[in-house]
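The values are calculated or read from the model by the stated rules, or taken from the named source; none is laboratory data. All of these numbers come straight from a predicted model, not from anything done at the bench. Ligands, DNA and RNA are stripped out before the accessible areas are found, and what is left, the full protein with its side chains, is counted by its heavy atoms. Shrake-Rupley method; radii C 1.70, N 1.55, O 1.52, S 1.80 Å.
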Amino acid sequence: MVNSEDPLTAIASPPPQFSTGDIAELVDEQYGLRGDLAGLVSERDQNFRLTTADKRRYVIKIANAAESESLPAF
C-alpha cells in the first residue's frame, strides 16, 4: 500500500480490479470460506458479499493501494 501524505490520493486512485474467481480462491485459501460472491458498490475499493452454503454472510474488502495501511485494520 502507498502511504501518501495527501488524503485525496486515494480518491483519485483507480480501485482494485480483481476477478470474482481470484477473490473466491483467495478467500478459500486464507479463510477456508466458500460460497456465492456478489460485488458491492464502492468508489475506491473493491468489495464483495460472500454468502456461504449455511447462509453466513461476510464482507470481503480489497482496499485501494493508495489508502493508509491503518485504515482497513478493524
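General observations
- When all protein chains stay in place and ligands, DNA and RNA are ignored, the 1.4 Å accessible-area order of ARG57, ARG44, largest first, is ARG57, ARG44.
- Accessible surface ranking that places the most exposed of LEU37, LEU26 first, with a 1.4 angstrom probe: LEU26, LEU37
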